[in-house]
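This report concerns only the one structure given below.
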Amino acid sequence: MRETELKKKDKCILNALLENGRLSYSELSRRCGISRQVAFVRLKKLLENGVAKGFSVCLDTDKLGFAFNAYVLLIAKPEEKLRNELSEFLRTSKNVRKIQLLFGRFDFFLELLFHNKDEMTEFLRTMHSYGAVERTETFIVYQTMKDKPEDPLLACLKE
């Protein structure tokens, strides 16, 4: 995939929205030294080009009752049919926050959220029932020290 070359004003718009996604076009234009219409057009173009994928709210998982955050590294058997069944289960599971395919010793990296230990145990038991699962390593988070996925992007946009 080709990296998109961003203009200084586009970086300013993205930087401002990463810090506060609820900014109005008037506030974006003021912060970036452009007109409201230019801010609107540039943001629309960034969305059309896929540089910005949309807008969302950042939720506090603890306050929503998700007491268990876990990561699973998974080694899968090579049979494509079995892998497809497992992938479908993972893609449709309400507990799976992120699925990443890996190069190296492990095939999948999963980020999972659960309300309690029993919910996590049942999910892991169900996942292991799929024939594609050869081996897993599960890591349960006991404390999050930093959760700022936008930080590397903010640094990039300030360059």
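Quick notes on this structure:
- Spherically averaged projected area of the convex hull of Cα atoms, the chain: 11.9 nm².
- Length gained on full extension, GLU48 to LEU64, computed as 0.36 nm times the residue gap minus the Cα-Cα distance: 2.5 nm.
- Among residues other than LYS44 with Cβ under 15 Å from its Cβ, the summed charge is +4 (Lys and Arg +1, Asp and Glu -1).
- Likely footprinting exposure, GLU150, GLU79, fewest C-beta neighbours within 10 Å first: GLU79, GLU150
- Span from the segment 107-159 Cα centroid across to the segment 43-73 one, whole angstrom: 14
- The length gained on full extension between GLU79 and ARG36, counted as 0.36 nm times the residue separation minus their Cα-Cα distance, comes to 10.1 nm.
- Restraint check, LYS81/LYS117; LYS94/LYS158; LYS98/LYS148; LYS63/LYS158, Cα-Cα greater than 25 Å: LYS81/LYS117; LYS94/LYS158; LYS63/LYS158
- Relative contact order, percent, the chain [alpha-carbon distance under 8 Å, six or more residues apart]: 26
- Taking segment 79-159 and dividing mean pair separation by its residue count, relative contact order in percent (alpha carbons under 8 Å, at least six apart): 27
- A cut-off under 12 angstrom between Cβ atoms defines the neighbours of PRO78, and their net charge, with Lys, Arg +1 and Asp, Glu -1, is -1.
- When the alpha carbon gyration tensor of segment 68-141 is reduced to an equivalent ellipsoid, the three semi-axes, largest first, read 19, 13, 11 Å.
- Förster radius 35 Å - calculated FRET efficiency between THR92 and GLU19, Cβ distance, rounded to 0.05: 0.55
- Of all lysines in the structure, the ones whose alpha carbon falls short of 17 Å from that of LYS44, not counting any fewer than 8 places away in one chain, are LYS7, LYS8, LYS9, LYS11, LYS53.
- Of the chymotrypsin sites (Phe, Trp or Tyr not before Pro) found in segment 94-159, the ones in coil according to DSSP and having at most 14 other Cβ atoms within 10 Å of their Cβ are PHE103, TYR142.
- Loop-resident trypsin sites (Lys or Arg not before Pro) (DSSP state other than H, G, I, E or B) in segment 1-87 with no more than 15 further Cβ atoms inside 10 Å of their Cβ: ARG2, LYS7, ARG22, LYS53, LYS63.
- When you restrict to C-alpha pairs under 8 Å that are six or more residues apart and normalise by the size of segment 8-57, the relative contact order lands at 34 percent.
- Fraction in percent of alpha-carbon pairs per bin - 10 Å, segment 8-57: 28, 63, 8
Values in this text are rule-based calculations from the coordinates and carry no lab data. Nothing here was measured: the structure is a model prediction, and the numbers come from that model. When we count neighbours, we look across all protein chains shown, and the Cβ atoms used for this are built from the backbone with ideal geometry, even at glycine.
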